[in-house]
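The values are calculated or read from the model by the stated rules, or taken from the named source; none is laboratory data. Here the structure is a predicted model, which is why all the values come from computation and not from measurement. Counting neighbours? That spans all protein chains shown, and the Cβs are built from the backbone with ideal geometry, glycine included. Only protein heavy atoms, including side chains, enter the accessible area calculation; ligands, DNA and RNA are left aside. Shrake-Rupley method; radii C 1.70, N 1.55, O 1.52, S 1.80 Å.
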Amino acid sequence: MRDFVVPKTDTKILGEVKLEYAFQLHARYDAPRVSRTPKGNFRYQDITSGDVRGDRFNATVYPDSGGQYDTVRPDRVRDVDAHFILKAENGEWLYMEHVGYRLPDGSYRAIAYIDADTKGTNDWLNNTTFVVTAKESSDEREVAFYYYVAN
């Protein structure tokens, strides 16, 4: 078996990655359902509502269209996998997924992807990688997500 080698990256070739603020998503959830698994406690929360606000993109989080699936590790960090269906102000439907983690203090770090209609006005969201930060409310029922385009 070959050893895995991480290639050296020349930023002159790839360029520096810069983050540009894109929009905010405010999500509201049902209370978490928790079950114990060999990997840790599994948590699921239905999404009940939410909205997206930004200069280029505004939408509503479609109720009961997804949720957040977390595994709570022994160090109390939660591995996060969240899915949402969004309805843009112009009527277009979009799918969003987050993958990342939530620290014990309620702050998140994640990457998000969005699937939009390739013939719609939100096509710019396709093939765009978003870096996401967020903060969860103390009752774990609301999260304010902040999205940054990785250029």
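Could you check region 71-98 and list, in sequence order, the residues that are more than 15 Å from PHE42 (Cα to Cα) and within 8 Å of the chain's Cα centre (by Cα)?
Residues of region 71-98 more than 15 Å from PHE42 (Cα to Cα): 83-98.
Correct list: HIS83, MET96, GLU97, HIS98.
State all residues of region 25-47 that are aromatic (Phe, Trp, Tyr) and within 26 Å of PHE57 (Cβ to Cβ); if no residue qualifies, say none. Can you show your working first?
Step one: list which residues in region 25-47 are aromatic (Phe, Trp, Tyr), which gives 29, 42, 44.
The one that is aromatic (Phe, Trp, Tyr) and within 26 Å of PHE57 (Cβ to Cβ): TYR29.
When you scan region 93-115, do you find a residue that is open to solvent by less than 50 Å² (accessible area, probe 1.4 Å) and more than 18 Å from GLN68 (Cα to Cα), even just one?
No, every residue in region 93-115 fails to be open to solvent by less than 50 Å² (accessible area, probe 1.4 Å) and more than 18 Å from GLN68 (Cα to Cα).
Checking TYR148 against (1) within 30 Å of GLU16 (Cβ to Cβ); (2) buried (at least 18 other Cβ atoms within 10 Å of the Cβ); (3) modelled with pLDDT of 95 or more, which single condition isn't satisfied?
For TYR148, the exception is condition (2).
Of the residues PHE4, PHE57, only one is in contact with a Leu (Cβ under 9 Å, 6 or more places away or on another chain), at pLDDT below 95 and not hydroxyl-bearing (Ser, Thr, Tyr); which?
Values: PHE4 fails: in contact with a Leu (Cβ under 9 Å, 6 or more places away or on another chain).
Of PHE4, PHE57, the one residue that is in contact with a Leu (Cβ under 9 Å, 6 or more places away or on another chain), at pLDDT below 95 and not hydroxyl-bearing (Ser, Thr, Tyr) is PHE57.
Identify the residue in region 116-134 that is of a type in the set (Val, Ile, Thr) and part of a strand (DSSP E or B) and, among all such residues, is least open to solvent (accessible area, probe 1.4 Å). Before you say what the answer is, go through the steps one by one.
Quick first cut of region 116-134, residues of a type in the set (Val, Ile, Thr) only: 118, 121, 128-129, 131-133.
Retained after the next criterion (residues that are part of a strand (DSSP E or B)): 131-133.
Details: VAL131: 43, VAL132: 2, THR133: 40 Å².
Ranking the candidates gives VAL132 first.
Looking at region 42-90, which of the residues that are among the acidic types (Asp, Glu) and either in contact with a Pro (Cβ under 6 Å, 6 or more places away or on another chain) or part of a strand (DSSP E or B) (or both) is surrounded by the most Cβ atoms within 10 Å (Cβ to Cβ)? If you could, list the steps in order and put the result at the bottom.
Taking region 42-90 as the starting set, the residues that turn out to be among the acidic types (Asp, Glu) are 46, 51, 55, 64, 70, 75, 79, 81, 89.
Still in the running and either in contact with a Pro (Cβ under 6 Å, 6 or more places away or on another chain) or part of a strand (DSSP E or B) (or both): 46, 51, 70, 79, 81.
Numbers: ASP46: 16, ASP51: 14, ASP70: 22, ASP79: 16, ASP81: 14.
For region 42-90, the residue satisfying everything is ASP70.
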